[in-house]
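Encoded as structure tokens, the structure appears first; notes follow it.
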Amino acid sequence: MKYEILADAGIVNRGNWNRLKKLMNRAQKGEEINIGFIGGSITQGCLADSHELSYSYRVYQWFVNTFADTKINYINAGIGGTSSQFGVARAESDLLLYKPDFVVTEFSVNDDEEKDELHITETYEGLIRKCYYSEKNPAVVIVNNVRYDTGENAQKSHNKVGAYYNLPCISMQASIYPKVRDKVIPNREITQDDLHPNNEGHELIAHVITSFLDKVWKDVNNSEIEVNDVLPPMTINSYENSKRFRNTNIIPVMEGYIADNRVQEGITDPFKKGWMASELRSKITFTLPCTGVAVQYRKSVTRPTPIARIVIDDEDENAIILDGNFDQDWGDCVFLQTVLEHADLKKRKIEIQLIETHDEDKVPFYLISIITT
């Protein structure tokens, strides 16, 4: 490793190590274990020259190297540009379906704490509860990545959840960022855009996490308090049981929309299994019991694209515009818009209609999914 950092400073919440120690004891005995990750583009491995150089794969490799005689399986549920609100809605299908014994959650540079801290705390708690209380009772570790130009991330709200559930929280803001801030590590040596780490940056992130795992492994024979109680939620917790609807699990009423039945090449191929439309006034309608609604659609850099609006229960005065035109240049965005939150539970009509099209539209409006709470 090219640069020295204070990896221990990254352990901003020790948490309870009982599940981690149980996991390591099982691995030492040769029991097959599953190592899982869920997060955004950094977890996906963005800007590493190969996936094997990403932080997530390097952490997985720590388990492979430490328990050489054990079969260890790797699950990566990272999707770039996504938040914990989407993470909790897809956790079952993208991660928990594979029954992980160890889970890293990483959304600290994707969740916008400054915009709505209470919302972020609630969505992140939903994700943590979904993972921590899942079938295999996995050891859950919270990882806080960071913006290397400002030091900003969402670890205040994320680690509040971590402290409540007594989970280990590992922070790059506390370990790597101070060296960048003080110019001991030139930022362009570890990141091209002050957000996504390059090979060196991924190596540093993995080092902070595996140094923590080394500590647990050295202490594995010392007993740790076993906690089996299911804690009451610290927030309203409407997101833990989020449901995601695509054309694989619902048939809406369509006028001008068509279902996209192309084969999806893995979870990082997001613009599949949704619905699309190009003609003005095309309409798609869902009827679903819920207390909240979010709509997930494509914002495209290939402009212009149609513009739609979403209306709940025919309340036109509360309509929200869904503009498919993306004003960034890094690629098409999986955009998630919260439309309704913390309402009474009842069956609701959800209608999305194209309200503006253009003769020169390059791509159709693309509805990826509807997510309800």
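The values are calculated or read from the model by the stated rules, or taken from the named source; none is laboratory data. Please read all numbers here as calculations on a predicted model, not as lab measurements. Reconstructed Cβ throughout: ideal geometry from the backbone, glycine too, with neighbour counts over all protein chains shown.
When both residues are 6+ apart or on different chains and their Cβ atoms are under 7 Å apart, which pairs have a first residue that lies in the stretch 82-93 and is farther than 11 Å from residue 106 by Cα, and a second that is of a type in the set (Phe, Trp, Tyr)?
Here the result reads 85/239; 88/239, each pair linking the stretch 82-93 to a residue that is of a type in the set (Phe, Trp, Tyr).
Which residues, counting only those in the stretch 102-135, are part of a loop (DSSP other than H, G, I, E, B) and either free of Cβ contacts under 8 Å to residues at least 60 places away in the same chain or among the hydroxyl-bearing types (Ser, Thr, Tyr) (or both)?
108, 111, 112, 113, 114, 115, 116, 133, 134, 135
Could you list, ordered by first residue, the pairs with Cβ atoms under 7 Å in which the first is in the stretch 185-199 and touching a residue at least 12 places away in the same chain (Cβ under 8 Å) and the second is of a type in the set (A, V, I, L, M, F, W, C) and assigned to a helix (DSSP H, G or I), at least 6 apart or interchain?
Matching pairs, first to second residue: 187/180; 190/204; 196/42; 197/42; 197/190; 197/205; 198/190; 199/53.
Hey, among the residues in the stretch 224-269 that are of a type in the set (Val, Ile, Thr) and in contact with a helix residue (DSSP H, G or I) (Cβ under 8 Å, 6 or more places away or on another chain), which one's nearest to residue 137 (Cα to Cα)? Explain how you work it out, then say what you get.
Residues of the stretch 224-269 of a type in the set (Val, Ile, Thr): 225, 227, 230, 235-236, 248, 250-251, 253, 258, 263, 267-268.
Filter once more, keeping what is in contact with a helix residue (DSSP H, G or I) (Cβ under 8 Å, 6 or more places away or on another chain): 225, 227, 235-236, 267-268.
Working: 225: 15, 227: 11, 235: 21, 236: 23, 267: 24, 268: 26 Å.
Ranking the candidates gives 227 first.
Matching residues to (1) under 22 Å from the mean Cα position of the chain (by Cα); (2) crowded, with 16+ Cβ neighbours inside 10 Å; (3) closer than 30 Å to residue 370 by Cβ:
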{"site": "169", "(1), (2), (3)": "yes, yes, no"}
{"site": "179", "(1), (2), (3)": "no, yes, no"}
{"site": "195", "(1), (2), (3)": "yes, yes, yes"}
{"site": "201", "(1), (2), (3)": "yes, yes, no"}
{"site": "205", "(1), (2), (3)": "yes, yes, no"}
{"site": "218", "(1), (2), (3)": "no, no, no"}
{"site": "226", "(1), (2), (3)": "no, no, no"}
{"site": "229", "(1), (2), (3)": "no, no, no"}
{"site": "248", "(1), (2), (3)": "yes, no, yes"}
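If the requirement is being within 12 Å of the chain's Cα centre (by Cα) and over 30 Å from residue 188 (Cβ atoms), which of these qualifies: 126, 80?
Exactly one residue qualifies, and that residue is 126.
Could you list, in sequence order, the residues of the stretch 248-294 that are in a loop (DSSP other than H, G, I, E, B) and over 24 Å from residue 78 (Cβ atoms)? Walk me through it before giving the result.
Here is the first cut: in the stretch 248-294, the ones in a loop (DSSP other than H, G, I, E, B) are 248-252, 257, 260-274, 278-282, 291-292.
The answer is 250, 251, 252, 257, 261, 278, 279, 280, 281, 282, 291, 292.
Residues being surrounded by fewer than 24 Cβ atoms within 10 Å (Cβ to Cβ) and either under 21 Å from residue 46 (Cβ atoms) or of a type in the set (Lys, Arg) (or both): count how many of those fall in the stretch 114-128.
1
Which residue, of 311, 301, 363, 334, is in contact with a Gly (Cβ under 9 Å, 6 or more places away or on another chain) and free of Cβ contacts under 8 Å to residues at least 60 places away in the same chain?
Going through 311, 301, 363, 334 in turn, the sole match is 301.
Just need a number here: residues in the stretch 28-56 that are over 12 Å from the mean Cα position of the chain (by Cα) and surrounded by fewer than 24 Cβ atoms within 10 Å (Cβ to Cβ).
15
Residues are listed down the side, and each one gets a yes or a no for (1) assigned to a helix (DSSP H, G or I); (2) under 19 Å from residue 239 (Cα atoms); (3) at pLDDT below 95; (4) assigned by TED's automatic domain parsing to the domain that holds residue 144:
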site	(1), (2), (3), (4)
49	no, no, no, yes
52	yes, no, no, yes
58	yes, no, no, yes
61	yes, no, no, yes
73	no, no, no, yes
85	yes, yes, no, yes
88	yes, yes, no, yes
93	yes, yes, no, yes
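So which residues in the stretch 188-229 are out of contact with any Lys or Arg (no Cβ under 6 Å at 6 or more places or on another chain) and at pLDDT below 95?
Answer for the stretch 188-229, where residues must be out of contact with any Lys or Arg (no Cβ under 6 Å at 6 or more places or on another chain) and at pLDDT below 95: 223, 225, 226, 227, 228, 229.
All but one of (1) in a helix (DSSP H, G or I); (2) touching a strand residue (DSSP E or B) at 6+ places or on another chain (Cβ under 6 Å); (3) in contact (Cβ under 8 Å) with a residue 60 or more places away in the chain; (4) not charged (D, E, K, R) hold for residue 143; which doesn't?
The number of the failed condition is (1).
Please determine whether any residue of the stretch 303-313 is at pLDDT below 95, surrounded by fewer than 18 Cβ atoms within 10 Å (Cβ to Cβ) and not aliphatic (A, V, I, L, M).
So far as the stretch 303-313 goes, yes, one or more of its residues are at pLDDT below 95, surrounded by fewer than 18 Cβ atoms within 10 Å (Cβ to Cβ) and not aliphatic (A, V, I, L, M).
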